[in-house]
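Reading through the structure tokens given below for one structure.
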Amino acid sequence: MMKLADDPQVIAFRAEFAAFLDARLPAEAEARVRSRSSADVPDWARRWQRTLFEHGWLLPGQPPEYGGRDASLPQQLAHLEELAHRRIYHSFNPQGLGIIAASLLTFGSQEQKSRWAVPILRAELTAALGMSEPEAGSDLASLRTRAVLKEDPAGDFFLVDGQKIWTSGAHDADVLLAFVRTDPDAPRHRGISALLIPTDAEGVVRRPFGSIAAEDDLDFNEVFFTDVRVPRENLVGPLHEGWRVAHGSLGHERTLLWLSYAERLEDLVRDAADAGGDQEWYATLRMDLQALRLLGYRQLGPDRDPAEISVLKLLGSEAVQSAALHALEARGADALPHPAPTGPYHHMNNEAFVSSWFERYARSFAGTIAGGTSEIQRNIIAERLLGLPR
Amino acid sequence: MEFELDEEQRLLRRTVRETVAKVRGRPERQQWDTYLKLGWLEAPPLELALILEELGYAADPTPFLATATWFAPLAGRLPGGSGTAVFDGAGRYVLDADRADEVALLTPGGVAVVRGADLAAERVPVLDPQLHVAHVDAPGELVAGVPDLALVGLAATAVGACRRILDLVLAHVRQRVQFGKPLGSFQAVKHKAADMQVAIERARVLTHFAALTIAEDDSRRADAAHMAKAAAGECQRLVFRHGLQLFGAMGFTWENELQFHLKRAQACDLLLGAAPVHRKALLA
């Protein structure tokens with residue numbers, strides 16, 4: 001069914017959450033303390049996340065015992081939209097929440113849910129995602145970090161050796177969900193397992209390094225594992241079935257991934273309105289934003305091919321980049337100073353570190369590189385949607 | 001909002017696709033009669049967009065587009081036979097004006113409908129040999145005013161033509177072997193195909209949305225129609241360029257059917273204002 005109006009249940013849900021936000025939103029003054037990385041949660045944000053959890057507004061798609069209310073996908077979308085309109089996150093540890101806690105709730109044991117997932121949801125623990133390696137980015141199946149299962153009377157454990165990279169927030173995280181090779185002889189996708197690795201375990205070394213935005217903008221990490229002992233009970237899902245965990249945990253995140261591009265694009269459209277000069281690009285931006293939303297809503301329908309997400313990711317990330325570039329150009333040399341004297345910085349902005357148009361453009365490449373580059377998305381569209389040969 | 005076609009709309013799309021494939025190549029008159037008999041002219045806006053996309057896919061030669069989306073919204077009714085409309089005082093480049101039974105004219109006093117035979121209409125030769133475009137010598141003073149549906153109709157037709165171009169290209173690059181491999185396995189080719197798909201999907205959802213705003217008489221309908229027309233224009237430009245390029249020399253020939261669809265898509269952009277005109281209208 002195609003209609004402009006929302007379902008009454010979605011309208012009611014949105015209104016209830018909007019009222020909650022209006023009453024409980026953190027004060028601007030307290031929200032002035034910024035997060036250092038995607039796994040660092042300042043005190044006010046910790047309280048904010050816990051408040052959301054306790055009222056069923058953290059991950060509304062989850063059942064009540066895990067901080068949700070069994071919300072439908074359109075309701076979850078309304079939830080994220082209301083947060084975005086106010087330019088605030090539900091959590092400053094989005095991967096911990098949306099990927100790691102969510103996959104523990106799907107694939108984890110009861111013990112893992114209560115020991116790891118709930119504390120992550122309650123912002124008592126933060127988590128980082130160990131996927132990429134120096135030689136395994138988009139080609140995740142070629143990852144090499146090894147975990148050998150050892151039998152021991154005191155309890156079986158994995159011995160982990162290897163390296164991860166681009167691990168966002170690892171230096172501030174309490175635990176990593178790492179994908180490791182447990183069967184070197186199995187076909188590439190088969191021998192991978194998912195392990196929870198506490199960052200204080202002996203043999204774990206984290207080395208944060210700066211992003212293009214600043215030498216001290218530390219979110220990226222290299223993580224080295226040398227003979228790290230990880231108890232067997234930290235295995236998430238069945239042994240050698242990590243590929244399923246990886247896909248399952250990314251699946252949910254990906255359904256609404258487009259929304260983060262729409263948020264950025266909407267911010268850019270709003271913030272760039274006064275850029276002056278030839279503004280025809282601005283019309284294109286508005287069309288990109290509208291098309292992205294419509295494709296996103298369409299994707300909520302039944303029987304959509306998951307590969308269509310690549311259309312949204314490609315369109316969204318490239319639109320954000322082109323928006324930032326146009327906004328930058330429209331300002332000419334005034335776009336050079338950084339941080340901007342009167343930039344679009346907003347202390348409750350999702351873009352925690354954004355302060356100048358130059359930086360916004362530079363950061364827009366995160367969208368066209370992370371989570372599979374635009375080139376990888378084009379390959380997926382061509383091969384899986386259009387049926388071209390590999 | 002909900003943005004998924006329902007079962008009935010999907011069924012309609014399937015029926016249109018099958019019917020059009022069946023009557024293709026028959027005399028134009030027979031095709032036209034088939035569409036009339038099935039009641040397609042009376043379809044509401046969203047359904048009309050779906051029908052037009054399929055007609056665009058098939059490079060339909062009948063005066064359906066002008067009748068349903070030019071004449072009908074301006075005259076406020078369907079014509080007895082085929083119809084068209086003059087949207088500006090100059091009466092230039094009017095789709096099907098040389099063969100319409102009735103023509104709607106927007107005058108300072110309201111809409112006047114005249115018999116096509118009473119207008120002096122001169123067909124203009126264009127690159128697309130199947131397209132009927134004419135200059136008309138309209139009587140009296142005319143004012144400008146393009147109905148939203150006329151823009152959406154052209155957008156939907158262009159999207160259909162672009163889908164056809166992409167399908168032809170995909171079939172070509174899957175079977176054509178060069179350097180020992182199918183062309184479609186080369187990444188440079190894949191990336192162009194993917195960009196075409198994204199442009200088509202972007203234009204398509206904006207077209208569906210615009211049709212929906214007309215159906216629900218939503219306040220965004222004018223903006224939505226400009227967006228649809230501009231996006232379809234941008235889409236055809238990319239699809240024309242990549243489509244012809246990927247087909248190589250074969251696409252440059254008269255014998256290859258690719259040319260019909262390229263020209264149809266391009267014409268849909270040029271009529272009633274190309275993409276930049278509608279982008280500017282969005283900023284007004």
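The values are calculated or read from the model by the stated rules, or taken from the named source; none is laboratory data. Note that the structure is predicted; figures quoted are calculated from it, not measured. Reconstructed Cβ throughout: ideal geometry from the backbone, glycine too, with neighbour counts over all protein chains shown. With ligands, DNA and RNA removed, areas are computed over all heavy atoms of the protein, side chains included. Shrake-Rupley method; radii C 1.70, N 1.55, O 1.52, S 1.80 Å.
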Check your understanding: Quick one: B:R26 ticks every box in (1) touching a residue at least 60 places away in the same chain (Cβ under 8 Å); (2) assigned to a loop (DSSP other than H, G, I, E, B); (3) open to solvent by 30 Å² or more (accessible area, probe 1.4 Å) bar one, so which box is it?
Key -> (1)
Review point. Which ones in the stretch A:267-307 are over 17 Å from B:D223 (Cα atoms) and either surrounded by 22 or more Cβ atoms within 10 Å (Cβ to Cβ) or within 8 Å of chain B (Cβ to nearest Cβ) (or both)?
Key: A:L268, A:A272, A:L295, A:G296, A:Y297, A:R298, A:Q299, A:L300, A:G301, A:P302
Check your understanding: Can you find a residue in the stretch A:135-149 that is open to solvent by 60 Å² or more (accessible area, probe 1.4 Å), touching a residue at least 40 places away in the same chain (Cβ under 8 Å) and not acidic (D, E)?
Key -> yes
Check your understanding: In the stretch A:48-62, what count of residues is obtained for those that are free of Cβ contacts under 8 Å to residues at least 24 places away in the same chain and either surrounded by fewer than 17 Cβ atoms within 10 Å (Cβ to Cβ) or of a type in the set (K, R) (or both)?
Key -> 1
Study note, to complete from the structure: Within the stretch B:94-110, residues surrounded by fewer than 21 Cβ atoms within 10 Å (Cβ to Cβ) and modelled with pLDDT of 95 or more come out as B:D98, B:R99, B:D101
Check your understanding: Hey, does the stretch B:117-125 have a residue that's closer than 30 Å to B:R14 by Cα and open to solvent by 10 Å² or more (accessible area, probe 1.4 Å)?
Key -> no
Review point. Considering B:L41, B:L55, B:L36, which residue is away from chain A (no Cβ under 14 Å), part of a helix (DSSP H, G or I), of a type outside the set (D, E, K, R) and without any contact (Cβ under 8 Å) to a residue 12 or more places away in the chain?
Key: B:L36
Review point. Quick one: in the stretch A:322-351, which of the residues that are within 14 Å of another protein chain (Cβ to nearest Cβ) and closer than 20 Å to A:I212 by Cβ is modelled with the highest pLDDT?
Key: A:S322
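Listed here are the residues, each with its yes/no results for (1) open to solvent by 70 Å² or more (accessible area, probe 1.4 Å); (2) assigned to a helix (DSSP H, G or I).
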| site | (1), (2) |
| --- | --- |
| A:L195 | no, no |
| A:D200 | yes, no |
| A:V205 | yes, no |
| A:D216 | yes, no |
| A:W243 | no, yes |
Review point. Within the stretch B:167-178, can one find any residue that is crowded, with 22+ Cβ neighbours inside 10 Å, more than 9 Å from chain A (Cβ to nearest Cβ), in a helix (DSSP H, G or I) and touching a residue at least 12 places away in the same chain (Cβ under 8 Å)?
Key: yes
Practice item. Hey, can you tell me all the residues within the stretch B:192-228 that are at the interface with another protein chain (Cβ under 9 Å from one of its Cβ atoms) and outside any helix (DSSP H, G or I)? Key: B:E216, B:D218, B:R220
